1. Search the stretch 50-78 for residues that are closer than 20 Å to Arg116 by Cα and touching a residue at least 60 places away in the same chain (Cβ under 8 Å) and pair each with any residue that is part of a helix (DSSP H, G or I) and charged (D, E, K, R) when their beta-carbon atoms are under 9 Å apart and the residues are at least 6 apart or on different chains.
2. Being modelled with pLDDT of 65 or more and in contact with a Gly (Cβ under 7 Å, 6 or more places away or on another chain) is the filter here, so list the residues in the stretch 77-99 that pass it.
3. Could you check the stretch 51-76 and list, in sequence order, the residues that are at pLDDT 85 or above and part of a loop (DSSP other than H, G, I, E, B)?
4. In the stretch 16-27, is there at least one residue being in a helix (DSSP H, G or I), touching a Ser or Thr at 6+ places or on another chain (Cβ under 8 Å), in contact (Cβ under 8 Å) with a residue 12 or more places away in the chain and surrounded by 15 or more Cβ atoms within 10 Å (Cβ to Cβ)?
5. From the residues in the stretch 103-124 that are of a type in the set (A, V, I, L, M), in a helix (DSSP H, G or I) and at pLDDT below 90, which one is surrounded by the fewest Cβ atoms within 10 Å (Cβ to Cβ)?
6. How about the stretch 35-67: which of its residues are closer than 20 Å to Met6 by Cβ, open to solvent by less than 50 Å² (accessible area, probe 1.4 Å), among the polar types (S, T, N, Q) and over 14 Å from the mean Cα position of the chain (by Cα)?
7. Exactly one of (1) part of a helix (DSSP H, G or I); (2) closer than 20 Å to Met95 by Cα is unmet by Ala40. Its number?
Amino acid sequence: MRYVNMVLALLMALFAFVQLNDPDAAAWFFIYIVPGILAAIAAFRLNILTTPGGTAALAALTLASFAGVAYYWPKTPGFWRQDVWWETETAREGMGIMIVAIVLVVVFYTAWSARRRVNVPDQA
């Protein structure tokens, strides 16, 4: 999972930096960079996310991303087609939030799995 989280961290950083020419760049930079930072933490400092506070914060952010998906869900028919999202910003934003939610689910799963492995008593 380390390599998966590394790739996701790089992908989110790339997404964040290409937002800099967007009219609402600050908001979308933040929306993309936070999951990127969390994916990097999951890749290199997983113990931070496996603490009770880290897991709770990660769970809250993951749930918030689901709320974001519900809020930004594209209303444009066929939003997943390139000719639609290439021209329609709301479709791109909706798909971006979906990607954020997927990244946070992967990071949460990584932290949850690591925490579970640590808390499993020996089967002797």
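The values are calculated or read from the model by the stated rules, or taken from the named source; none is laboratory data. Only a predicted model underlies this, so the values are computations on that prediction, with no experimental measurement involved. Methodologically, a virtual Cβ is constructed for each residue, glycine included, from the backbone with ideal geometry; neighbour enumeration extends over all protein chains shown. These area figures cover heavy atoms from the full protein model, side chains too; ligands, DNA and RNA do not enter into them. Shrake-Rupley method; radii C 1.70, N 1.55, O 1.52, S 1.80 Å.
1. Going by the 9 Å Cβ cut-off, the qualifying pairs are Thr50/Arg115; Thr55/Arg115.
2. Ile97
3. Thr51
4. no
5. Among them, the one singled out is Val118.
6. If the condition is that a residue be closer than 20 Å to Met6 by Cβ, open to solvent by less than 50 Å² (accessible area, probe 1.4 Å), among the polar types (S, T, N, Q) and over 14 Å from the mean Cα position of the chain (by Cα), then Thr50 is the only one that fits.
7. Just one mismatch for Ala40, condition (2).
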